[in-house]
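What follows draws every value from the coordinates through simple rules; no lab data is involved. Here the structure is a predicted model, which is why all the values come from computation and not from measurement. Positions of Cβ are backbone-derived with ideal geometry, glycine not excepted, and every protein chain shown enters the neighbour counts.
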Amino acid sequence: MLHYDVALVPDIAGKRVTGQMSVTLKPTHNDVTAVFLDSGELNVTSVTHNDRALAFEQHNGHLRIRLDQPAPTDAPTTLHLRYEGAPPFGLEFAPDRDEVYTVFSTSQWMPSVDAPDERATLALSLTLPPELKAAGTGRAMPSRTLPDGRVEHRWMLASPMPAYVYGFAAGRYQQAALPHGKSTLHLLSVNRSPQQLKQIFARTGDMLAFFADKSGLPYQGDYSQALVARTIGQEMAGLSVMSEAYGAEVLDKPDQIALVAHEAAHQWWGNRVTCAGWEHFWLNEGFANFMTAAYLQHAQGEAGYQAKIKAWRERVELLRAKGADRPLVYPDWKAPTADDRAVVYQKGAYVLHLLRAEMGEDAFWRGIRAYTQANDGRPVVTADFQRAMEQAAGRSLQPFFGEWIYP
């Protein structure tokens, strides 16, 4: 996959969406006669290539497009699709707030390849009533007012990213902005005033600076954070969404900023450096959890860090006591249970803490930086991480990895 160009028109009151898109791809081998995309519960109504209709079929959330002639390997091929649907998840509607936003399942609102190792650039447009505001994946482009008064909001993602981190949020938002170096932090909420938004996200700039230092990679572009009707939190490329309830919690208890930090950490570990397959998902989520704790150690002192370590250790002990512990390299990550997720999120973070103690401060952070820099914009497996950490340590870490990480 090379590029998606997607134009969406959500019907917030009807909880439906219509869309049209072009997808540009380049076959990796000769004689490719079909293209496969994930399409969730969308209904694809047409597929064309060079203005010629192509045959296609949908089954169990997958779209198979039959090409009229084998696609060449020496030049990109662009297909055009039209579709509509009422996604049961992945695209959330809150009509009472005139709000629509994405969570987790990109193929529920645009046909795409769900695999985390498949990266592409994105042009995204969203047509909305004029009173609504929006934030989306990529650099904001000038919006356009259409003849009927609606507004087309547009974004361009120039760095290839996995499709699961594409997304947007739109609603009857109040907005605020904070400067951060060459970037701007955009803050959105239906319920919170601009001043309250600045209070809730007051530490975001410091978080981005901390993660940039630890990764050796500066943050790129603007960053948007939206408080939406309900979600456990979701990272997207240049955008994070958290719930209004969480925003209220931070206003009441300003030190409860772990979720803000977790989603910000994903801008490096998860988005820029992405697990090559879900069996290595701990390289996304275990990292984001650990880096959150490292930020709390930096911002709030040792007690905040140690509280996280204690909670992780107790969760690992509970997993072991009930026979639910698993290696971090997870060969069958499908329909994960709460215990499965605890392995990836909590145990993954705890193992990074143990590795920090095993290697020592200087070698550990040198390895984290080398690993992140070397794999910026690439899918990774656990062996890539092990290699970087062993080079930083100057010795084999196989005993540690064999005990804690591999099956």
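Here are the numbers for this structure:
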{"read-out": "Sorted peptide list for 221-229, 23-31, criterion being average Cβ within 10 angstrom, highest first", "value": "221-229, 23-31"}
{"read-out": "C-alpha long axis of helix 282-300 to longest principal axis of the chain, angle in °", "value": "60 degrees"}
{"read-out": "The chain - mean residue ellipticity at 222 nm from DSSP helices (-39,500 (n - 2.57) per run, n ≥ 4, rounded to 500)", "value": "-9500 deg cm²/dmol"}
{"read-out": "The chain: angle of helix 348-359 to the longest principal axis, Cα-based, in degrees nearest 10", "value": "40 degrees"}
{"read-out": "Lysine pairs meeting the criterion (Cα under 30 Å, 8 or more apart or interchain), as found in the chain", "value": "28"}
{"read-out": "Difference of contour (0.36 nm per residue) and Cα-Cα distance, Q220 to E361", "value": "48.1 nm"}
{"read-out": "Viscosity 1.567 mPa s, 4 °C: Kirkwood-radius Stokes-Einstein D of the chain over Cα pairs, µm²/s", "value": "58 µm²/s"}
{"read-out": "Calculated on alpha-carbon atoms, Rg and Dmax of the range 122-247 in Å", "value": "14.6, 49"}
{"read-out": "Sites matching trypsin sites (Lys or Arg not before Pro) across the range 156-200 that sit in DSSP coil, with at most 12 neighbouring C-beta atoms within 10 Å", "value": "K182"}
{"read-out": "Beta bridges per DSSP with both ends in the chain, % antiparallel, nearest 5", "value": "80 percent"}
{"read-out": "Residue exposure sequence - M21, M207, M156 - by fewest surrounding Cβ within 10 Å", "value": "M156, M21, M207"}
{"read-out": "Angle between the chain longest axis and helix 302-321 axis [Cα atoms, degrees, rounded to 10]", "value": "80 degrees"}
